[in-house]
Structures are given as C-alpha cells and as structure tokens.
Amino acid sequence: MNKLALLVALPLITAFLLPIIHRVSAAAGRWTGPLILAITSALGISLWGQLGDSAVAIELGGFRPPLGITLYADQMAILFAVASSLGTLLLWPGGGEDRVRQSTLALILAAAGSGLALSGDLFNIYVFYELVAVASYGLIAAKASAGSYAATMRYLVVSSFGAAMALTGVALVYQATGTLNLAQLAQLAPTHLNNLQGLAAFVLMLIGFGVKAELFPVNTWVPEVYATAPTRISGLLAGVVSKLALLIIVRLLVLVFHQPEALTVMLILGILGVVTGELAAWRARDFNRMIAFSSIGQLGIIFIAFAIPGKAGVFAGLAVALHHLVVKPAMFLLAERWSGSLTALAGAAKNSPLAAGLFILLALSLIGVPPLPGFWAKLLVLVELSEQSQPLYYLGAFVILAGAALEANYLFRVASRFYRAEKDHKAPAAHGMPELATASLLCAGLAGSVFVLTPLAEQLEGIATQAADASHYIQTVNPEAPP
Amino acid sequence: MDTGLILYVAAFGLILIGSAGIVLSSHLVRIIFGIALLEAGANLLLLLATYREGAAAPIIVDGRVPLTMADPVPQALVLTAIVIGVGILALALSLALRVQRAYGTLDMREVRRRLEQDIADEAGIDMPSSADAPQAVISRQEGQA
C-alpha cells in the first residue's frame, strides 16, 4: 500500500528531472511528462481496485502521528487523486518554445493535486495548496502577454491573501487542540473545537481554500484569469483544481467542524455565488468570460449541495462536482477557437459542426435536461434540499432553479448563433484535432454515463457513505482509538 | 502585562494591517508589502499557538528534563511557512516588474482598467461597462485613454 505515496512522489520527482532529461534528448523530454502521468493514473486506478470499499492510511517515513504525516486513501481521495493526474494528462499544456517549463509546472500541479486529495495532515494540506497555487501562476502567465501578467498578479494577490487566512485558521486549530493530524482532530473536535474559535477557524479556512474553489467573495480573479490564460489551463483550474479545494473543505466539515453555523455560512456564500455567477454570465459578451462566470455559478451549486448536513450532502455534492469536473474542461477546450465576442460566433457550425454539436450536448447537461447526467445531479441536490427544515435551504433550491433558467437562456443564445450564418461575416476557424479529440472523449464519457446511471449512482453513494463517516477515518488512521 | 498577550495583540494587529493594506492600497508594491505583513502575522500566531512563558528548548541534557518545554512542532511549521512566503514574495515582485514593463504603471486600479480593456479588445467587444455605466465613469475612461 506504500505505492500510495508514488501518486505524489513520482510526478514531483519527474518534474525536477525534466529539464535534465530534456537536455539529453528533446524527444524524451517531450514524452516523459505525459508518460509519467499515465503511469500514476493507472497506478491510482489499480489502487482503487485493490482497496474496494476499505480505506488505508500510511505513515510517511514510519513516524506515527502527531509527529509524522499520514496519507489517507479512501475511495473519494483516490478518485480525486486520479482526477488530478488524468485531468492534467488530458489537458497537457505541451506546446510552444517554453515546453520544458510548462511541462515541469504541469507535473508539479498534478503531484500537488494528488497530495491535496490524499493528505491527512492540515499543515501538509496548506503546503500542497501553496504548491498548486505557485504552479498555476506559472502556467497562467505562460502566454507571456501583458494581460496574462496582470491577471496572474491579481490572482496572486487574492490567492496569497487566502493562503494567509487558511494559515491563520490552521494556527487557531493548533492552538485549541495541539495537533494537526485530521484523525486526531476528528477525535478532539467535539470537545475542543465546538466553540466560537472553531467556527472562526472554519470560516478562515473556508475563505482560504475557497479562493481556488471560486467561492463567492474571493473569486474576483476568475473572469480575468480564464480570459487571459491558455484555454487548457483554464479548463484545468476550473475543472480539477477547484474540486480539489472543495474536497478539503468537505473533509474539514465531515471530520472537524460540526457546528450548524459552519454549514449556514457555506450555504449563504454558495447562494450568493450562484446568483452573481449566473447573472454575470448572462451579461457576458465574450465566450471565455461567459463560461468563467457560469463556472462560478456551478461551483455555487456544489457549495449549496455540500452545505446539506450528513451523508446526503456529500452524495449530492459529489454528483454535481464530478459532473462539473467533466463538463467544464470540455467547454474550455471548445473555447480554444471560439474565444472572443459572442456575436463573432455566427455560423460557427459551418466550419466545425462536431464542436457545435458537442457544445450543445454540454450545454444541455449543464442546464440539467433529462436524461443527461447533469439533470440527475441537479435533481439529487434539489430533492435533498427540499427535505431540509431550515428555510434557507428552500432559498438555495429556488436559486438553483432560477439559475438553470438563466443558463438555458445564455447558453442557447450562443448555440442558436452557431447555425445563423451572416453575410460578410467570416465564421471562426475549425478546431484543432487535439482539442476536438479530448473534448469528444469527455463528451463521450458524459453521454456514455447515461447508460450506466444506476451502478454509477450506487458507486457514488458508496463513496459518499464512506467519506461522510468520521469514525471510519479515525479507526483507519489510528486503530487503537476508542470507537 | 504578560508577554503572551502583547504578542497575540501584535499577531492580530499584523494580520489586520496586512489585510487592510491588500484591500485599501492601489499601489502594487504596497499590496505586496501587505501580503508580507499578513503572512508575518499568521506565522507569529502559529508560533504563539503553544507559547509558554520561560519555556526551555525541548532538549534533554544529561538526563535532566526541563520543567516547561517549548513545543517544537509550530516552530518547524513556521520555518516551512516562512520559506513558502519568501518564495511567493519573490515571485510577486518579479511579476510586478513584468506588469510594470507591460503597462508602465504599478497602480492596480489603472492596471485593472488596462487589463479589462485588453480582454475586451482581444475579444472584439466594447468595454463591459461602457453601455450602462454612469456618465462620470465613461468620461473618466475616455479621459485616460
């Protein structure tokens, strides 16, 4: 089971060896990164098979907690670790003269992403979080345009603010409990963190980790970065990195912070995210910023879903999160040729009929039209919301429905333009093969999942049941703990 | 007054000053200083988490165990956090240099306006605020352009 550490270590070591490999042989340097990510993804999938519905924890270097750092793998952790490797592989930045540097950063991003998913130590999570941040700064600025530097700068300011907030939260937690191991925190939380200090620590960490998850007040970087970064990187940040940040917040909620107020704060911020995101997307007039704002709205829905207490919330949240994880990168891949004004998209279906078809499929699933998976995910959230007693949850359900209406409006406004050819207007160029192939693959996965919905839902419910069980986590990391 | 309290006040003070600097300043170098202060405050708070007055270093010499020992864990953590902070600071300053070269200014309000303009130009649309913005905003934008 020590192979678990390879999910983090392998891409990290390769990242720093890559410049040397590239100097020896340019061809080897080109293929090493994708190859290593393919290996780690395969390794993750085989670990998933071995684990079944049990979980495992390993102590790095043989030091037991609280002195050592644990890596904890249940189905949810491995799922997101694989998503981190596989997502980076699919959205491999590759091109340009700057290939070595970008490949290095992409590998660091994948390694730190897997680390975020697997880590069982709060400070370790903070370190991996900063590592993800630094790697993404470099990848965003890779376009080397004035706009990308300015957007990266503004992103760096927001992100550093968030990281410092998260660190303050970590300090408050350590002050109250004297440990940062998540399993020990879970044991101590009911007596030590069930107070105002615990709530303050949660809110600080929610703001901190929420920066990457496009949480409402700290998401000012989103439209600028997604409009100026290379589209594949935008897809990676919106699709994969945001989910990793969410995973941490969910872990913290399940294990450490049980106050009802914590859920209320998240619910309110999620609702505000949906309202602001969808309205801004409706008003946007260029393709990139439209899908950037729509991604804020979608992540708001995920926050609302995770704010439902207990296993039901984790289940519903995971369903929407995984749906978004597949749809958003595909959407950004289509933006490769369609970035720019929405009016310039007139007649786009003539040059790239497949891309237009894919966009419509993605749009239908995002809005939630049956029988696509997006419908089932949203339905699940709405059903769970309607079963809550607090009125704020009904507001959440209403906002999700209203958001869906807005989504339908702005996405179909674009889709109808594809088929409306105008005179004297040059339709945008056809998509490149790599983008189209990857987007088709993601869409095929989306459409294919319609046929296996029942087993998929059962699997997902199993993952959620395991992830929502705090005592299972404690027992796995520390078998001597009293049940 | 005891030392712990003063240090706590200092830590929260640094966090407040740093946050205020990030939110209120528009000069990029001041914002970066704000980040540095904020990080210093957070680090100090982490260090204070298990602070004990007059504690000895946690080293056992000749089998004698000191009565009160300092907790070494936050010190190790803070060391890591400081290193990360310095790295981010260097990156931020080098990016600030690039921004200054590209736009010829370090005023973040101006940088933001130019950034919006760049995105709009590249997309081939008007500035997002031009249609509905109050007259004062439009005239200011035109005056500066």
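Points to keep in mind about this one:
- Working note: 222 nm ellipticity from helices only, DSSP H runs with n ≥ 4, each -39,500 (n - 2.57), summed and divided by the residues of chain A, gives -25000 deg cm²/dmol to the nearest 500.
- Given 15 as the ceiling on other Cβ atoms within 10 Å, longest exposed-site-free region of chain A for GluC sites (Glu not before Pro) in DSSP loops: A:98-386
- Binning the alpha carbon pair distances of segment A:366-483 at 5 angstrom intervals from zero yields the distribution 2, 8, 10, 12, 15, 15, 12, 10, 7, 4, 3, 1, 1, 0, 0, 0, expressed in whole percent.
- Segment A:100-110 - phi-based ³J(HN,Hα) in whole Hz, Karplus 6.51/-1.76/1.60, Gly and Pro as x: 4, 4, 5, 5, 4, 5, 5, 5, 4, 4, 5
- Descending semi-axes in Å of segment A:121-477, equivalent ellipsoid built from Cα gyration tensor: 35, 23, 17
- Given charges at Cβ of Lys, Arg, Asp, Glu: the protein assembly as shown dipole, positive-most of A:Val132, A:Phe202, A:Asn181: A:Val132
- Globularity index of segment A:298-340 is 1.46 (Cα radius of gyration / 2.2 N^0.38 Å, N = number of residues).
- Cα coordinate range in segment B:1-98, projected on the principal axes (Å, largest first): 57, 30, 11
- About its Cα centre, the dipole of chain B is roughly 300 debye, where the only charges are +1 on Lys and Arg Cβ and -1 on Asp and Glu Cβ.
- One quarter of the surface of the convex hull around the alpha-carbon atoms of segment A:1-120 equals 7.4 nm², the direction-averaged projected area.
- Ordering A:Gly115, B:Val65, A:Thr476 by the projection of their Cα atoms onto the charge dipole of the protein assembly as shown, which places +1 on the Cβ of Lys and Arg and -1 on the Cβ of Asp and Glu, puts A:Gly115 at the extreme positive end.
- If you take the Cα centroid of segment A:345-404 and the Cα centroid of segment A:98-155, the two points sit 30 Å apart.
- Centre separation in Å (Cα based) which lies between segment A:37-74 and segment A:300-328: 24 Å
- Two numbers describe the Cα atoms of segment A:256-354: Rg and Dmax, which are 16.6, 55 Å.
- Where the Cα pairs of the protein assembly as shown fall when distances are cut into 10 Å bins, in %: 3, 16, 27, 28, 18, 6, 2, 0, 0, 0
- Its Cα centre serving as origin, segment A:1-120 has a Cβ charge dipole (Lys and Arg +1, Asp and Glu -1) of approximately 320 debye.
- Of A:Lys350/A:Lys378; A:Lys143/A:Lys426; A:Lys3/A:Lys328; A:Lys378/A:Lys426; A:Lys3/A:Lys378, those spanning more than 28 Å from alpha-carbon to alpha-carbon: A:Lys350/A:Lys378; A:Lys3/A:Lys328; A:Lys378/A:Lys426; A:Lys3/A:Lys378
- About its Cα centre, segment A:121-477 has a charge dipole of approximately 1020 debye under the convention of +1 per Lys or Arg Cβ and -1 per Asp or Glu Cβ, with nothing else charged.
- Candidate aspartates and glutamates for bridging to A:Lys212, where Cα separation is under 18 Å - those fewer than 8 sequence places away on the same chain excluded: A:Glu130, A:Glu224
- Applying a DSSP loop filter and a limit of 16 other Cβ atoms within 10 Å to the chymotrypsin sites (Phe, Trp or Tyr not before Pro) in segment A:377-483 leaves A:Tyr419.
- Within chain A, the longest run free of exposed loop sites, counting trypsin sites (Lys or Arg not before Pro) that sit outside DSSP helix and strand states (H, G, I, E, B) and have at most 13 other Cβ atoms within 10 Å, spans A:1-419.
- B:His27 long-range amide H proximity, modeled H, under 5 Å: B:Met108
- Rg(Cα)/(2.2 N^0.38 Å) for segment A:362-424, N = residue count: 1.44
- Farthest toward positive dipole pole in segment A:1-120 [+1 Lys/Arg, -1 Asp/Glu at C-beta], among A:Leu17, A:Ser41, A:Ala83: A:Leu17
- Spatially proximal aspartates and glutamates relative to A:Lys311 (Cα-Cα < 12 Å; intrachain offsets below 8 disregarded): A:Glu384, A:Glu461, A:Asp469
Where a number appears in this text, it was derived from the coordinates with a stated rule and is not lab data. This structure is a prediction, so every number in the text was calculated from the model and none was measured. Virtual Cβ from ideal backbone geometry, glycine too; neighbours counted across all protein chains shown.
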